[in-house]
């Protein structure tokens, strides 16, 4: 299981990595070895041992902590409420996201920034080492991998904060700290880097199963189609044709399918899914990370939902809204991933509260003081019972074929090709037993992305593109959000550390 990435994760991350806390803060080196590019990288396996370190950091973009939460909080599908028992209050940082009032001092926002720029810093250090190696001429694919991972991190930085510094050096001169680049400049950088990286990466059609968990040409093109889909937000100029073109480069390979069962993409053996275009391999049994979505999302009493029972108590942190549940038709199989109302254990028996009554999940009434049974739950990743303490081994999804089909559908619709777009949307819906749409609107496209990609880190981006992030109404969002809130503030901690940074407008 996951043999290739387990092998990769087993390597030590041998070269120095400069941790760029916002490209400014704590410019420290973690020295893992005295080896240098001149006496290392004699084989491709040695080069790969450093590249894997960038993958290890990149999982934070779509997994559990700061960056992932920043992509989902403040939307109509994800909320972290403070509990009356004192859990999850965290000084109100999550409530600021929910109410669209994130301040520059918000620690969760700062954590996301640090995670993203830690990826960029690691990529810069590894790229420089690879490029300075005497074997550099043979290492072009590895350099391309790291370039793509760095560009992907900058995609997230551009999406969340907009006007961020473009840094490509492995070390920063503390007397000449970086300045903001405009969002349009970051977009151009991401586009250029991804296109150049794709030229030197293998196609999914030529790699073997041992390559699983690494970027291919198609993984980069899929991400780039997402970048193009949002180009109008980032630059003011739409790039629908480019979104279609890059999506087609993925689709035309015929290497991917919509798995017959939606849940195959999130099971404990999802490394076998032919729908995953890019994902991060997880295997806690091999010290290769751990998937804790179950821990973060479920109610403490859900320990008996699985057979065998969970070896830990869930933390009751992540929740969804009734709005997300109501987007699904009753027969839509994707709806089954949301837990709401009366709860039952693995044997179909009622899950009991300590007082003997049945656990019934209800909507959150007050995000500042939610009771334990408030908040609908999403079973995003379905565990298979192979636990290492509280870690499951489900691989974490970055992009799926279904996403690419919906990206192409939206871009087609926005350029006037409504019928081909409807066919693609219905193709995705058919897999989940949802009814076929006889007509198609922009609202249909937005809602279908919400149904298909629930909790996959794209909802905030989608709601901003469609405009609902500012004008929509859902639980705890009843007034219009100012447009400047489409960007998060650059964290105050980063500006204190680097006075060359300029705060985003409105903060």
Any residue at all in the range 361-373 that's surrounded by 14 or more Cβ atoms within 10 Å (Cβ to Cβ), under 25 Å from residue 267 (Cβ atoms), over 23 Å from the mean Cα position of the chain (by Cα) and modelled with pLDDT of 95 or more?
yes
Listing of helices (runs of 4 or more DSSP H) fully contained in the range 392-484 that carry 2 or more residues being more than 21 Å from residue 156 (Cα to Cα):
401-414, 418-431, 442-452
Whether any residue in the range 88-106 is in contact with a strand residue (DSSP E or B) (Cβ under 6 Å, 6 or more places away or on another chain), more than 20 Å from residue 337 (Cα to Cα) and outside any helix (DSSP H, G or I) is what I want to check.
yes
Quick one: what pairs do we get from the range 178-196, first residue farther than 17 Å from residue 160 by Cα, second assigned to a helix (DSSP H, G or I), C-beta under 6 Å, 6+ apart or different chains?
193/147; 193/151; 194/151; 194/220; 194/224
Considering each residue of the range 319-332, count those that are in contact (Cβ under 8 Å) with a residue 24 or more places away in the chain, over 22 Å from residue 87 (Cα atoms) and either assigned to a loop (DSSP other than H, G, I, E, B) or in contact with a helix residue (DSSP H, G or I) (Cβ under 6 Å, 6 or more places away or on another chain) (or both), and give that number.
5
With respect to the numbered conditions (1) at pLDDT 95 or above; (2) in contact with a strand residue (DSSP E or B) (Cβ under 9 Å, 6 or more places away or on another chain); (3) over 24 Å from residue 332 (Cα atoms), which one is the sole condition not fulfilled by residue 471?
(2)
Given the condition modelled with pLDDT under 95, on the phi > 0 side of the Ramachandran plot and in contact with a helix residue (DSSP H, G or I) (Cβ under 9 Å, 6 or more places away or on another chain), answer yes or no: does some residue in the range 57-65 qualify?
yes
Listed residues 168, 175; which is in contact (Cβ under 8 Å) with a residue 40 or more places away in the chain, over 21 Å from the mean Cα position of the chain (by Cα), in a loop (DSSP other than H, G, I, E, B) and surrounded by fewer than 23 Cβ atoms within 10 Å (Cβ to Cβ)?
168
I'd like the full set of residues that are assigned to a loop (DSSP other than H, G, I, E, B), in contact (Cβ under 8 Å) with a residue 12 or more places away in the chain and surrounded by fewer than 24 Cβ atoms within 10 Å (Cβ to Cβ), limited to the range 202-219.
202, 203, 204, 205, 212, 213
Considering every residue within the range 140-161, establish whether at least one is surrounded by 24 or more Cβ atoms within 10 Å (Cβ to Cβ), assigned to a loop (DSSP other than H, G, I, E, B), at pLDDT 95 or above and touching a helix residue (DSSP H, G or I) at 6+ places or on another chain (Cβ under 9 Å).
yes
Looking at the range 349-408, which of its residues are free of Cβ contacts under 8 Å to residues at least 12 places away in the same chain, touching a strand residue (DSSP E or B) at 6+ places or on another chain (Cβ under 7 Å) and farther than 28 Å from residue 93 by Cβ?
350
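Yes or no, residue by residue, for (1) closer than 25 Å to residue 451 by Cβ; (2) without any contact (Cβ under 8 Å) to a residue 12 or more places away in the chain; (3) surrounded by 19 or more Cβ atoms within 10 Å (Cβ to Cβ):
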position	(1), (2), (3)
43	no, yes, no
54	no, no, yes
57	no, no, yes
63	yes, no, yes
67	yes, no, yes
72	yes, no, yes
78	yes, no, yes
82	no, no, yes
90	no, no, no
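The values are calculated or read from the model by the stated rules, or taken from the named source; none is laboratory data. Remember, predicted model here, so these are calculated numbers, not experimental data. Glycine also receives a Cβ, built like all others from the backbone with ideal geometry; neighbour counts cover every protein chain displayed.
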